[in-house]
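The values are calculated or read from the model by the stated rules, or taken from the named source; none is laboratory data. Given the structure is predicted, the values throughout are model-derived calculations rather than measurements. Neighbour counts run over all protein chains shown; Cβ positions are idealised from the backbone, glycine included. Areas reflect the complete protein model, heavy atoms only, side chains present, ligands, DNA and RNA absent. Shrake-Rupley method; radii C 1.70, N 1.55, O 1.52, S 1.80 Å.
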Amino acid sequence: MWTDYIPAPVIEAFKAKTGIQVNYKELGSNEELINQMKATKGAGVDLCSPTNNRSGQWVALDLLAPFDYGRIKNLGNVNPAMLKVGDMEWNFGGKGSHWLPFIWGTEAVGWRTDLYSPPGGTPSYGNIWDKDVEGKTMIRPHSGMLGCGLYMETIGELEPGDVWKAYSSEEAMRPIWQKITDFCIARKSQIKLFWNDTDSQKNGFLNDGVVVGQTWDGPVLAMKSSGEPVTYQAPKEGAMAWVDSIAMSAAAANVDQAYALIDYVFQPEVAGQSINIHGYNSAILGADKFTDDNYKKNFAEAYPGDSLANLNPWPAEPQWYADVRTE
């Protein structure tokens, strides 16, 4: 699962209550997760955490098991709109949902408040490509290029809607992503580092000289809560939203214990304690009632005005799309 989604204090409390030991391996990308699961055919894994838009890459792998909703007594605590994603997009072979929503968050713009301020006060994905910060920015390549495409739409380098049109077919995608690729390569000197996980984002800002980047919300807001001079905010193009899950391996060896852990983390109080630590947001209704003032303040500052109404839900990603992007 992703870094700190079930934080160490929660794991310790779960073990104290149930006697069940959780062996937690952090992952840095969906690609890493898919490759690991394919390599072992899911053996050695009970639960994992694919992102909502990756269903098209899992459907043919036969590596996940459908959930028995009757075994999850706290299922009623889950956001029903997010739960529907599993029922509709992860219902493989009509056998039921293979995906439970757990954590949601966004990718937007983070920066060092002591070293940088977005021109005009409102951030943009274009900030990463501003000459004033050459050699001092960071992105994750595939999502950073998508954000760049949204920025290119605002300056006339792409037609409005091109970035989302690219999901419709390979024929539509190739010319659009070629323009994005050319734009990014021509400005590669902007980038200090490519990040892949939570730690690389934190190190970028704290140790590697990055002043602005396209980042996840959790790492930056966790640093902000601990007093570091960083902040995070949805840009004018709209933050990109995703939902990460709990999914069960088809080769799970500890099914009863896995369901016990799911029920435990689906409690609002436990979910609230967790998001205080990792800085993301919970799919568990009522979790916000158990969050601290730092979380509430960070959330309000990250999504000012109509930012939540202007989110870009990450579309479902077919395998051909992932293959062309990787190319």
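Residues checked against (1) farther than 30 Å from Glu153 by Cβ; (2) open to solvent by 10 Å² or more (accessible area, probe 1.4 Å):
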{"position": "Gly218", "(1), (2)": "no, no"}
{"position": "Glu228", "(1), (2)": "yes, yes"}
{"position": "Lys236", "(1), (2)": "no, yes"}
{"position": "Ala239", "(1), (2)": "no, no"}
{"position": "Ala253", "(1), (2)": "yes, yes"}
{"position": "Ala258", "(1), (2)": "yes, no"}
{"position": "Ile262", "(1), (2)": "yes, no"}
{"position": "Val265", "(1), (2)": "yes, no"}
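Would you check if Ala239 is over 17 Å from the mean Cα position of the chain (by Cα), more than 16 Å from Asp4 (Cα to Cα) and either of a type in the set (Gly, Ala, Ser) or modelled with pLDDT under 95 (or both)? Taking the combined requirement at face value, the residue does not satisfy it.
Among the residues of segment 159-195, the one identified as polar (S, T, N, Q), under 24 Å from Lys131 (Cβ atoms) and free of Cβ contacts under 8 Å to residues at least 24 places away in the same chain is Gln178. Among the residues of segment 23-56, those identified as in contact (Cβ under 8 Å) with a residue 12 or more places away in the chain, among the aliphatic types (A, V, I, L, M) and either touching a strand residue (DSSP E or B) at 6+ places or on another chain (Cβ under 9 Å) or open to solvent by 70 Å² or more (accessible area, probe 1.4 Å) (or both) are Leu27, Leu33, Met37, Ala43, Val45, Leu47.
Taken over segment 66-87, the criterion of being aliphatic (A, V, I, L, M) and open to solvent by less than 20 Å² (accessible area, probe 1.4 Å) is satisfied by Ile72, Val78.
Residue under question is Met138, and the condition is that it be free of Cβ contacts under 8 Å to residues at least 40 places away in the same chain, of a type outside the set (Asp, Glu) and open to solvent by less than 10 Å² (accessible area, probe 1.4 Å); does it hold? The answer is no for Met138.
Results for (1) open to solvent by 70 Å² or more (accessible area, probe 1.4 Å); (2) free of Cβ contacts under 8 Å to residues at least 12 places away in the same chain; (3) more than 19 Å from the chain's Cα centre (by Cα); (4) at negative phi, shown as yes or no for each residue.
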| site | (1), (2), (3), (4) |
| --- | --- |
| Ile277 | yes, no, no, yes |
| Ala283 | no, no, no, yes |
| Phe290 | yes, no, yes, yes |
| Tyr303 | no, no, no, yes |
| Asn310 | no, no, no, yes |
| Pro313 | yes, no, no, yes |
| Pro318 | no, no, no, yes |
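So if I check each of Gly227, Gly213, Gly238, Gly204, which one is farther than 26 Å from Asn23 by Cα, out of contact with any Phe, Trp or Tyr (no Cβ under 8 Å at 6 or more places or on another chain), small (Gly, Ala, Ser) and in contact (Cβ under 8 Å) with a residue 40 or more places away in the chain? Outline the logic, then answer.
Values: Gly227 fails: in contact (Cβ under 8 Å) with a residue 40 or more places away in the chain; Gly213 fails: out of contact with any Phe, Trp or Tyr (no Cβ under 8 Å at 6 or more places or on another chain); Gly204 fails: out of contact with any Phe, Trp or Tyr (no Cβ under 8 Å at 6 or more places or on another chain).
Result of the check over Gly227, Gly213, Gly238, Gly204: Gly238.
Gly156 passes every criterion in (1) in contact (Cβ under 8 Å) with a residue 24 or more places away in the chain; (2) out of contact with any Gly (no Cβ under 8 Å at 6 or more places or on another chain) apart from (1).
Please tell me if Ala247 is under 21 Å from Leu100 (Cβ atoms), among the small types (Gly, Ala, Ser) and open to solvent by 10 Å² or more (accessible area, probe 1.4 Å). Break it down stepwise before answering.
Numbers: under 21 Å from Leu100 (Cβ atoms): yes; among the small types (Gly, Ala, Ser): yes; open to solvent by 10 Å² or more (accessible area, probe 1.4 Å): no.
No; evaluated as a whole, the condition is false for this residue.
Of the numbered criteria (1) at pLDDT 95 or above; (2) within 28 Å of Phe194 (Cβ to Cβ), the one Leu27 fails is (1).
Scanning segment 88-100 for residues that are part of a loop (DSSP other than H, G, I, E, B) and either open to solvent by 30 Å² or more (accessible area, probe 1.4 Å) or over 13 Å from Ser55 (Cβ atoms) (or both) yields a total of 2.
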